[in-house]
Amino acid sequence: MNAPLRHCFVIALLGVLAACAGVPAVARAKSGCELFVLGIAQDGGLPHFGCERPCCVEARRSGRVLYPASLGVCDRDAGKLLLIEATPRVEEQVARLHRLAGIRGRGRDPIDALLVTHAHIGHYLGLAWFGREVASTRRVPVFCSPRFAAFLRQHGPWRQLVELDQIAPQPFEPGVAFSPWPGLSVTAVPVPHRDEFSDTMAYRLTGRERTVLFVPDVDAWEREPGLLARLLDGVDVAYLDGTFYDGSELPDRNLAEIRHPLMTRTMALLAEVARARPGALRFVHLNHTNPALHDAALRRDIEARGFRIAEPGESIRL
Ligand SMILES: [Zn+2]
Ligand SMILES: [Zn+2]
């Protein structure tokens with residue numbers, strides 16, 4: 001991007017990122033809608049199966065565990081729970097949501113609705129726990145793209161969940177807002193990604209007070225000009241793909257083969273936004289190798305620039 005263009009881009013983003021937010025309070029709400037971070041890691045979590053590098057050897061030694069990226073929403077007025085992503089750690093993450101929201105006694109109806117971004121393992125394999133071998137849930141609405149809904153209906157083992165009425169795919173029209181229940185509005189934005197089994201969505205979630213963006217997996221921002229500005233339009237807090245820091249954590253891989261936007265690139269593009277609204281831009285979906293998970297000095301530097309690494313358990317009033 002040349003300098004004047006980049007300047008215009010930043011000004012545009014400053015205009016569209018909502019002015020009202022600041023850093024939302026973490027205080028536990030008694031009413032209204034609250035969003036919780038249930039996991040911040042890439043699909044394989046930390047420690048990572050098959051990794052014997054220091055990042056995961058140390059995590060196994062110390063007992064440090066990070067679950068894959070996932071959010072939960074509790075609407076205390078409506079008495080409803082929404083889970084965003086069904087990861088392979090869905091049991092622990094829904095238990096975390098219940099604990100954070102102060103909800104008990106859900107039994108076979110652990111959540112009221114599920115939202116899934118795409119069919120990569122860290123984002124939907126947890127659906128298996130909805131089936132007859134485990135919870136045998138009752139018609140949980142699964143909001144997803146039409147292509148994802150067709151994938152669920154056509155392929156085992158997911159097809160069985162639909163046939164047994166344990167889940168009920170609810171395809172939405174991308175770009176058109178829908179409401180899992182009154183008071184919560186969701187808009188799916190298609191994003192470029194490695195789409196073997198389904199397309200990939202980002203979600204904008206709007207409650208009565210705030211709009212939060214969730215885009216855990218996306219190809220480089222440059223792949224679709226204007227995408228980042230469109231995604232951030234009117235957003236108070238954004239959870240952005242932070243899979244890789246600068247690519248050096250993958251010495252065997254050619255940088256050109258890494259399709260995710262590097263955190264360094266995202267921070268360069270959004271530097272002025274982060275300075276103007278510290279804490280509004282937060283990284284999720286960090287790979288087990290990402291130095292931002294392991295290097296305290298690097299993390300402090302990221303925070304000094306106005307960005308954050310999302311924290312498991314943090315909350316935002318929606
Ligand atoms: Zn992923
Ligand atoms: Zn993915």
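The values are calculated or read from the model by the stated rules, or taken from the named source; none is laboratory data. Every value quoted in this text rests on a predicted model; they were computed, and no experiment measured them. FYI the Cβ positions are ideal-geometry reconstructions off the backbone, even for glycines, and counts take in every protein chain you see. Calculation scope for accessible area: heavy atoms of the full protein, side chains included, ligands and nucleic acids excluded. Shrake-Rupley method; radii C 1.70, N 1.55, O 1.52, S 1.80 Å.
Annotations for the structure displayed:
- Residue selected from region 209-225 under the condition open to solvent by 10 Å² or more (accessible area, probe 1.4 Å) and part of a loop (DSSP other than H, G, I, E, B), by the criterion farthest from SER70 (Cα to Cα): PRO225
- Any hit, region 128-144, residues being within 16 Å of ligand 2 (Cβ to nearest atom) and closer than 20 Å to THR200 by Cα: yes
- Residue check, ARG308 charged (D, E, K, R) and open to solvent by 60 Å² or more (accessible area, probe 1.4 Å): yes
- Total residues in region 45-64 satisfying the condition of being open to solvent by 60 Å² or more (accessible area, probe 1.4 Å), under 22 Å from ALA86 (Cα atoms) and among the hydrophobic types (A, V, I, L, M, F, W, C): the figure is 1.
- Selection status of VAL140, more than 16 Å from ligand 1 (Cβ to nearest atom), of a type outside the set (Ser, Thr, Tyr) and touching a residue at least 24 places away in the same chain (Cβ under 8 Å): yes
- ARG194 assigned to a loop (DSSP other than H, G, I, E, B) and either away from ligand 2 (no atom under 16 Å from the Cβ) or open to solvent by 30 Å² or more (accessible area, probe 1.4 Å) (or both): yes
- Check on ARG204, of a type in the set (D, E, K, R), modelled with pLDDT of 95 or more, assigned to a strand (DSSP E or B) and more than 16 Å from ligand 2 (Cβ to nearest atom): yes
- Test result for TRP181, crowded, with 20+ Cβ neighbours inside 10 Å, more than 16 Å from ligand 1 (Cβ to nearest atom) and among the aromatic types (Phe, Trp, Tyr): no
- Candidates PRO157, PRO171 - the one that is away from ligand 2 (no atom under 16 Å from the Cβ) and under 20 Å from the mean Cα position of the chain (by Cα): PRO171
- The condition of being at pLDDT 95 or above and away from ligand 2 (no atom under 16 Å from the Cβ) holds for only one of ARG6, ARG96, ARG76, that being ARG96.
- Only residues that are touching a residue at least 40 places away in the same chain (Cβ under 8 Å) and closer than 15 Å to VAL37 by Cβ were counted in region 95-116, giving 5.
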